[in-house]
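Participant: I have a structure here, written as structure tokens, and I will follow up with some questions on it.
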Amino acid sequence: MKLFGEHIRDLREKQELPLRKVAAYLDIDTSILSKIERGERVVNSELVSEISKFFGLDEKKMLTEYLGEEVARKIYLSSNVSQILKVAEEKAGYMKSRFSKKG
């Protein structure tokens, strides 16, 4: 199990790519990419898409990892994680049914 940023660092290092090259492609400063890799800065979904393209990864899978980590960040210190996830799943289902009818 790795955090999203750790995964990005591993991919970059396996391909022997310098921070500056990946950061340039993503159009971000190298210090920002370094902080992402260390888990000190959170990415957004647009950046996840660009990272997926750069490394040739499945974008849907990467977005799932990113969103899962975002949920975990919000609840990891809670004592009732299972209940929170259950409520979140129910609300997501409700939102999906409610908002997918519009359009």
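All of the numbers you see were taken from the coordinates with simple rules; none came from a lab. Given the structure is predicted, the values throughout are model-derived calculations rather than measurements. Glycine also receives a Cβ, built like all others from the backbone with ideal geometry; neighbour counts cover every protein chain displayed.
Participant: Just rank Glu16, Glu37, Glu89, fewest to most, by other beta-carbon atoms within 10 angstrom.
Facilitator: Going from sparsest to densest Cβ surroundings: Glu16, Glu89, Glu37.
Participant: Within 10 Å of each residue's Cβ, count the other Cβ atoms and sort Glu90, Glu69 from fewest upward.
Facilitator: Numbers: Glu90 10, Glu69 19.
Ascending number of Cβ neighbours within 10 Å: Glu90, Glu69.
Participant: Mind listing which chymotrypsin sites (Phe, Trp or Tyr not before Pro) in the stretch 28-89 are in a DSSP loop and have 14 or fewer other Cβ atoms within 10 Å? Don't jump to the answer; show the numbers that get you there.
Facilitator: Numbers: sites: Phe54, Phe55, Tyr66, Tyr76; in loops: Tyr76.
Counting only loop positions with at most 14 other Cβ atoms within 10 Å, the chymotrypsin sites (Phe, Trp or Tyr not before Pro) in the stretch 28-89 are Tyr76.
Participant: Between Lys101 and Lys74, what is the label-to-label distance in nm when each label sits 7 Å out along the Cα-to-Cβ direction?
Facilitator: Spacing of the two 7 Å Cα→Cβ label points: 2.4 nm.
Participant: In debye, nearest 20: dipole of the stretch 4-76 around its Cα centre with unit charges on the Cβ of K, R (+) and D, E (-)? Don't skip to the answer; put the middle values down first.
Facilitator: Working: 13 positive and 15 negative charges, 19 e Å.
About 100 debye.
Participant: If I take R0 = 22 Å and measure r between the Cβ atoms of Lys61 and Lys14 in this structure, what FRET efficiency does the formula 1/(1 + (r/R0)^6) give, to the nearest 0.05? Show your work: numbers first, answer last.
Facilitator: Numbers: r = 17 Å, r/R0 = 0.79.
Efficiency, rounded to the nearest 0.05: 0.80.
Participant: Compute the longest continuous run of the chain that contains no exposed trypsin sites (Lys or Arg not before Pro); treat a site as exposed when its DSSP state is not H, G, I, E or B and it has at most 14 other Cβ atoms within 10 Å.
Facilitator: 42-100
Participant: I need the calculated FRET efficiency for the pair Ser34 and Gln83, taking r as the beta carbon distance and R₀ as 41 Å, to the nearest 0.05. Walk me through the numbers on the way to the answer.
Facilitator: Values: r = 37 Å, r/R0 = 0.89.
With a Förster radius of 41 Å, E is 0.65.
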